[in-house]
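J.: For reference, the structure I am asking about is given below.
The values are calculated or read from the model by the stated rules, or taken from the named source; none is laboratory data. Source: prediction; values computed, not measured. When we count neighbours, we look across all protein chains shown, and the Cβ atoms used for this are built from the backbone with ideal geometry, even at glycine.
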Amino acid sequence: MNILKSIYKSKSLYAMLGISMAYFLFKSFQYLIIGSYVPILFIAFMVILIYWSFTVTRTTHYRILKFWAILVIFWAIARFGVWLMFKIDVTLTESHIREQFGIVPHVVSILMLCIGIGILRQIKKPAGNNV
Amino acid sequence: MHKSLIPILFSLIFLNTGEEPPLKLIDEQKKIIAELSGHSKLENGKTISSRSTKEERQLTREYLSNLIASTGLKPQVQEYKLPNVNPLVDLLFEPFAGANVYTILPSTNQSDDYIVFGAHFDTERNCPGAIDNATGIAIGYGLIEKLIDVKERNVNVILVFFDQEEEDLIGSQAFAKKLKKEKFKILSVHTMDTMGWDRDEDSAIELELPTNYLKDIYIKTGKRLGIPIYTTKVNSTDHHSFRELGFNATGLTDELVNGDYAPYKDTAKDTYETVNFNYVASCTELVYEVAKTLIEQ
């Protein structure tokens, strides 16, 4: 597959992919500065995997994009799940996590959830519409 | 006529100066604990009801900075960001963010050596934290007030108030890392936590994981002051962060292992009324005498 041609043919799909990956790249650099390597290793692995998938068949490429979309959806659901847990169990003491459930973090979670669902929907469209 | 004028003259001299008489140290410590635990309002009219949320901790930091400045020393703030304890949580949430407040009391004789005394200022959610750990702050304050008056100080003293002890000792970890990174020559680290409960009135304290050197100094000083010192292996508070990085550190607390410990710790009942101020005073005296021994060596 030609990468640029693929992206050009399915702008919305790759825009969503780009936004979600950029967000996690930004987060992982933030963590790298303070000495945590797990996020950067994870995102580097995903970037390499997605880049490699452009060089193989469209089916494999879409499977990997689907995998990414599912991860992003799980990420958003996990955040909502933790928020709900803190709402139900008021005795939980992790103030540092509790404080991260303001408006902006919720907007980010909703955005990521929409992006994950959006990527899945784009992938399910007939092949001719995407690539 | 003469006799009736004497009280009037006295009142003119002592009352009309506009200055309040200086508080005794224990009264100052009572005031600190009252203000930190929401028992009394701050001078700006605000109340610190708990020291857990971002806003509450910021208000407490401002209070502590003013407290340090009131001694004539320069308050400093160490802001930090640290990863979550579990790296997988890093993928989901933001890192820890907070700030420690500290000051340095310089030696009177040239020295590159430092002794650190610290106490955490945060609390669990919705807890006034009078004993845990406004008492530690008050003892730290009392210590520095008394050390300022020591004429011969052969080492520098750092007094630090840690943020986020209740959340995996994050503040002390950040401070220990700073000392290590900036290559401070640290002789010893002493952290004070939950020192306001003494039901049996024996003034005893527990010394957590001291080296033999520190243990000897505390026991000798304790004997002199009539304060029993028990050593334990409790490792769950700020001194752990320093030991992890190779510092000579110990923790001071009430009789946690012996069973005479603050029963309302980490609850809404940890209030000003439950603090044993005689115990706060005896702990201050002990820590001061130990510090004096260390800085005069």
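J.: Within the bounds of the range B:238-255, is there any residue that is in contact with a Pro (Cβ under 9 Å, 6 or more places away or on another chain) and free of Cβ contacts under 8 Å to residues at least 40 places away in the same chain?
T.: No; the residues of the range B:238-255 include none that is in contact with a Pro (Cβ under 9 Å, 6 or more places away or on another chain) and free of Cβ contacts under 8 Å to residues at least 40 places away in the same chain.
J.: Just to check your reading of the model, which residue among A:Phe29, A:Phe42, A:Phe67 is under 10 Å from the mean Cα position of the chain (by Cα) and either within 11 Å of chain B (Cβ to nearest Cβ) or hydrophobic (A, V, I, L, M, F, W, C) (or both)?
T.: Details: A:Phe29 fails: under 10 Å from the mean Cα position of the chain (by Cα); A:Phe42 fails: under 10 Å from the mean Cα position of the chain (by Cα).
Just one listed residue meets the conditions, A:Phe67.
J.: Just to confirm my filter: which helices (runs of 4 or more DSSP H) fall fully inside the range B:204-297 and include at least 3 residues that are of a type in the set (Lys, Arg)? Break it down into steps so the answer makes sense when it comes.
T.: Values: elements: B:212-225, B:239-244, B:277-296.
Counting at least 3 such residues, we get B:212-225.
J.: What number of residues in the range B:187-205 are over 17 Å from B:Thr274 (Cα atoms) and either surrounded by fewer than 24 Cβ atoms within 10 Å (Cβ to Cβ) or in contact with a Leu (Cβ under 8 Å, 6 or more places away or on another chain) (or both)? Can you show your working first?
T.: Step one: list which residues in the range B:187-205 are over 17 Å from B:Thr274 (Cα atoms), which gives B:187-192, B:204-205.
Within this subset, residues satisfying the condition of being either surrounded by fewer than 24 Cβ atoms within 10 Å (Cβ to Cβ) or in contact with a Leu (Cβ under 8 Å, 6 or more places away or on another chain) (or both) are B:187-188, B:190-192, B:204-205.
Residues flagged as over 17 Å from B:Thr274 (Cα atoms) and either surrounded by fewer than 24 Cβ atoms within 10 Å (Cβ to Cβ) or in contact with a Leu (Cβ under 8 Å, 6 or more places away or on another chain) (or both) within the range B:187-205 amount to 7.
J.: Scan the range B:251-266 and tell me whether some residue there is at pLDDT 95 or above, surrounded by fewer than 20 Cβ atoms within 10 Å (Cβ to Cβ) and either within 14 Å of chain A (Cβ to nearest Cβ) or within 30 Å of B:Phe184 (Cα to Cα) (or both).
T.: No, every residue in the range B:251-266 fails to be at pLDDT 95 or above, surrounded by fewer than 20 Cβ atoms within 10 Å (Cβ to Cβ) and either within 14 Å of chain A (Cβ to nearest Cβ) or within 30 Å of B:Phe184 (Cα to Cα) (or both).
J.: crowded, with 18+ Cβ neighbours inside 10 Å and facing chain B (nearest Cβ under 10 Å): does that describe A:Ile34? Step through it out loud before you land on a result.
T.: Working: crowded, with 18+ Cβ neighbours inside 10 Å: no; facing chain B (nearest Cβ under 10 Å): yes.
When the stated conditions are applied, A:Ile34 does not pass them.
J.: Something else about it: Among the residues of the range A:1-25, write down those that are surrounded by 12 or more Cβ atoms within 10 Å (Cβ to Cβ), farther than 18 Å from A:Leu120 by Cα and not aliphatic (A, V, I, L, M).
T.: Listed by number, the residues that qualify are A:Tyr23, A:Phe24.
J.: Has the range A:6-24 got at least one residue that is within 11 Å of chain B (Cβ to nearest Cβ), within 19 Å of the chain's Cα centre (by Cα), free of Cβ contacts under 8 Å to residues at least 24 places away in the same chain and under 30 Å from B:Glu165 (Cβ atoms)? Before the answer, list the steps.
T.: Let us first name the residues in the range A:6-24 that are within 11 Å of chain B (Cβ to nearest Cβ), namely A:24.
Now drop any that are not within 19 Å of the chain's Cα centre (by Cα), which leaves A:24.
Checking which are free of Cβ contacts under 8 Å to residues at least 24 places away in the same chain leaves us with A:24.
Next, only the ones that are under 30 Å from B:Glu165 (Cβ atoms) stay: none.
No: the range A:6-24 contains no residue that is within 11 Å of chain B (Cβ to nearest Cβ), within 19 Å of the chain's Cα centre (by Cα), free of Cβ contacts under 8 Å to residues at least 24 places away in the same chain and under 30 Å from B:Glu165 (Cβ atoms).
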